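> Following this message is one structure expressed as structure tokens.
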């Protein structure tokens, strides 16, 4: 049985587990090196402190996807709050599928795990952001039920903006 024939298993990452922590950092660095992730390696502070900081951060959780022993996917998620629904929400902050594993349904499996976790936490919705020209990611997200957000079409779709501090 080849590696692509192995079942995909998803788990909520244990940031204190040595293997899962190393897998999370390796996948996040793979994403950071991709043009859609900025094209630069993770800063050294992330390699040194990210796992401890995620452990301490209220509402942080990550889903890792494994094909056998190989880590092939990651979603980093953070709890937020929907004032209009008066319920918590989950924001998917990072989505990574290893280049060698794309097209195998890994994103769908990870998102199913995130949905189950969000439901267990009583969430109203799950949010994420995606680059406008990252069409493969958009297709995967649409397949999982995500779509652009608008309260009133007259005012258009929501945009995700940022300001560095």
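Just so you know, all these numbers are worked out from the coordinates, no wet-lab data involved. Worth saying up front: this structure is predicted, and the values here are computed from it rather than measured. So basically every Cβ, Gly included, is an ideal-geometry build from the backbone, and we count neighbours across all protein chains shown.
> For the chain, what's the relative contact order in percent, using C-alpha pairs closer than 8 Å and at least 6 residues apart?
This gives 19 percent for the chain.
> Report the calculated FRET efficiency for residue 157 and residue 60 (r = Cβ-Cβ distance, R0 = 22 Å), to the nearest 0.05.
Taking R0 as 22 Å, the efficiency between residue 157 and residue 60 is 0.20.
> Once every DSSP H run of n ≥ 4 in the chain is given -39500 (n - 2.57) and the sum is divided by its residues, what mean residue ellipticity at 222 nm do you get, rounded to the nearest 500 deg cm²/dmol?
After summing the helix terms and dividing by the residues of the chain, the value is -10000 deg cm²/dmol.
> Pairing the Cα long axis of helix 18-33 with the longest principal axis of the chain, what angle in degrees results, from 0 to 90 and rounded to the nearest 10?
For helix 18-33, the angle is close to 60 degrees.
> What is the list of residues in segment 90-118 whose amide nitrogen lies under 16 Å from a point 7 angstrom out from the Cα of residue 135, following Cα to Cβ?
none
> On a 0 to 90° scale, report how tilted helix 44-56 is relative to the longest principal axis of the chain, with both axes built from alpha carbons and the result rounded to the nearest 10.
Helix 44-56 sits at roughly 70 degrees to that axis.
> Given q = 0.09, 0.11, 0.16 Å⁻¹, what are the Debye log10 I(q)/I(0) values for segment 3-155, with equal point scatterers placed on the Cα positions and solvent ignored?
Summing over Cα pairs of segment 3-155 leads to -0.29, -0.44, -0.93.
> Compute the helix-to-body angle for 106-120: its Cα long axis versus the longest principal axis of the chain, expressed 0 to 90° and rounded to tens.
60 degrees
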